[in-house]
Every structure is written in structure tokens, then in C-alpha cells.
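The values are calculated or read from the model by the stated rules, or taken from the named source; none is laboratory data. This structure is a prediction, so every number in the text was calculated from the model and none was measured. So basically every Cβ, Gly included, is an ideal-geometry build from the backbone, and we count neighbours across all protein chains shown. The accessibility values were calculated without ligands, DNA or RNA, using every heavy atom of the protein model including side chains. Shrake-Rupley method; radii C 1.70, N 1.55, O 1.52, S 1.80 Å.
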Amino acid sequence: MHPMLNIAVRAARSAGEIINRSAENVGRLQINYKSKNDYATEVDRMAEQEIIRIIKAAFPEHAILAEESGEHEGNDYVWIIDPLDGTTNFLHGFPQFAVSIALKLKDRLEIGVIYDPLRDELFTAERGGGAMMNSRKIRVTAQANMTGALLGTGFPFKNLQHIDAYLGMFKALSIDTAGIRRAGAAALDLAYVAAGRLDGFWEIGLQPWDMAAGVLLIKEAGGVATDFTFGDTYLDSGNLIAGNPKMHQLIYKAIEPHVTDNLKKKTR
Ligand code: IPD
Ligand code: CA
Ligand code: CA
């Protein structure tokens, strides 16, 4: 295993232990209101500190972009961290949340790790090395049409300006598919696309830490990820379509009529 992947796995598992331990005391946690529908708990912060501690000990010169503490300066390597993706689920005891850690070198994603601490499912990818779940190779599905397809999504609940565009997309896609799931942890949704549990995914307004690891997992599992203009600016625009190559194309076609000029922008 790549030494940097090794560190990412160690950090994700260690954060997962903190999350699992805290899950029993959820009612007693101190909750911070960040902005509309956006919360962080002391668990988010403790898990993030633990991840950063492990990464910094191994690679003190690397830069970090982490959800709770922001940017930490360093060299061209940037670790992109979501210590707890699915905080709202976590707070409600809804068992769908994960740790997400990616490593980017300049514009290229090198490593992606997503860890579901409740199910002890570890999704890993390194550029050029394929994608794995608990050390077994994973691949995107071979689903080739909307009929029978299962898609994942997220609602634009923080930024309501896109709600009409989103509902147009949702309607177009829900008519033909077998189902659409809004499970509440984007990183885990993306890991599920890579593992063939979902055929595709789309969401408006994601943050880099929600998707960096998941995008690499999907690409290494034979899938495709783009922004809403078929380009690769998703980390900047926050808008993402992902799936196996065929489903990616079909989702793109279905949502295209609803993509506003704002959603075509390369930055958020
Ligand atoms: C959120 C989850 C959710 C997605 C939101 C994210 P958080 O992350 O991934 O599924 O719809 O866009 O912000 O705040 O729980 O880390
Ligand atoms: Ca997140
Ligand atoms: Ca988070």
C-alpha cells in the first residue's frame, strides 16, 4: 500500500473510533449552529483534530483543507478532509455517516479514503491502482438505462436559490428510474456508486471535502464524474454528476434542460 494511503487509512479509522464512541452519547453533545441547516458538534472537531494530528506527524510539510478548521498552509500536497460527513444523520442516530479523506497533488487527486465506522466498511483508492472496499476490488455497475436504475442525490437545503432547478432535475430523473435515495452523506453515496450499490449520483452545491475522495473512488472503479457542463471543475463549482459511464451520460442529458447559467459557473 502507498505510504500516504496507509496514513489516510490510519487517520480515517482513528476518527471512526471517536465517532463510534460518541454515537452513544449523542443527546449530550454540544451542537454549534454554523449557518442555516448546517451544524457541527464537538465530535466533528475532535475527529478532525485526530486526522490532522496523524497526517501532520507523517507529513508535516503537506497542506490541509479541512471542513472545521479550514486551510493549513503547506506544499503542493493538499489533504482534503471531512471528519464526519452526514452530521445531521449522526445527530439523529440515523446510521449513515462517514469519514472522508483525500490527497490532491496540484490538480490531481492521488488518494481517496471513505470510512463508514458503523459498518466497518473502508473504501480506498489510489490513482492508477483501482478502488477497493475492505481490500476487495470494487467496480461501478454495468446498468445501461434509466429503467431499473437506482440513483443517489442530495437536496440543496443550505442554499435554497437552486431549489426550482433541482426539483426540475428530480422530476425528470424520478419518472424513469427505479428509485432515488437521499441518504444524507454525500461521501458515502459516492463510495456506493464506486462499489456498484448505486448506479449514479448528482448534487448541487457540494464542498470539496464532501466529494474529493468519492470522485477518485468512482474514477478508479471505472466510473465518470463531471460538473454540470461535462467539465472537471466540480471541486470549485460544487456541482457534481457521477456514475458508470452510461448512467453519467443519461443523468447529464436528463438534467441539462434544468441547468441554469448560475449552475454552469466554474466556481461557486
Ligand atoms: C453534508 C452531507 C449531505 C449533503 C450536504 C453536505 P455534512 O455534509 O454530505 O449529504 O447533501 O451537501 O454538506 O455537513 O454532513 O458534512
Ligand atoms: Ca460533508
Ligand atoms: Ca462534515
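Observations on the model:
- Filtered by the rule that a residue be away from ligand 2 (no atom under 16 Å from the Cβ), touching a helix residue (DSSP H, G or I) at 6+ places or on another chain (Cβ under 6 Å) and assigned to a helix (DSSP H, G or I), segment 171-191 gives 172, 173.
- Residue check, residue 245 within 28 Å of residue 124 (Cβ to Cβ) and of a type outside the set (Lys, Arg): yes
- Flag for residue 29 being within 30 Å of residue 222 (Cβ to Cβ), in contact with a strand residue (DSSP E or B) (Cβ under 8 Å, 6 or more places away or on another chain) and not assigned by TED's automatic domain parsing to the domain that holds residue 232: no
- On inspection, residue 110 fails the criterion of being assigned to a loop (DSSP other than H, G, I, E, B) and crowded, with 16+ Cβ neighbours inside 10 Å.
- Residues in segment 26-53 that are under 20 Å from residue 94 (Cβ atoms), modelled with pLDDT of 80 or more and of a type outside the set (A, V, I, L, M, F, W, C): 41, 42, 44.
- Filtered residues of segment 234-267 (kept if within 17 Å of the chain's Cα centre (by Cα) and crowded, with 16+ Cβ neighbours inside 10 Å): 234, 235, 237, 238, 239, 240, 241, 242, 243, 244, 248
- Residue check, residue 124 in a helix (DSSP H, G or I) and polar (S, T, N, Q): no
- Qualifying residue in segment 149-165 (condition: surrounded by 14 or more Cβ atoms within 10 Å (Cβ to Cβ) and among the acidic types (Asp, Glu)): no
- Any hit, segment 53-65, residues being among the small types (Gly, Ala, Ser), outside any loop (DSSP other than H, G, I, E, B) and within 30 Å of residue 171 (Cβ to Cβ): no
- Scanning segment 193-235 for residues that are away from ligand 1 (no atom under 16 Å from the Cβ) and among the hydroxyl-bearing types (Ser, Thr, Tyr) returns 226, 229, 233.
- Looking only at segment 49-94, residues that are away from ligand 1 (no atom under 14 Å from the Cβ) and closer than 21 Å to residue 25 by Cα come to 3 in all.
- Odd one out for residue 228 among (1) in contact with a Gly (Cβ under 9 Å, 6 or more places away or on another chain); (2) of a type outside the set (Asp, Glu); (3) open to solvent by less than 10 Å² (accessible area, probe 1.4 Å): (1)
- Unique residue being in a helix (DSSP H, G or I) and in contact (Cβ under 8 Å) with a residue 40 or more places away in the chain when the list is 242, 212: 212
- Only listed residue being away from ligand 2 (no atom under 16 Å from the Cβ) and surrounded by 20 or more Cβ atoms within 10 Å (Cβ to Cβ), chosen from 7, 81, 19: 7
- Qualifying positions in segment 84-101 - within 12 Å of residue 22 (Cβ to Cβ) and within 12 Å of ligand 2 (Cβ to nearest atom): 84, 87, 90, 97
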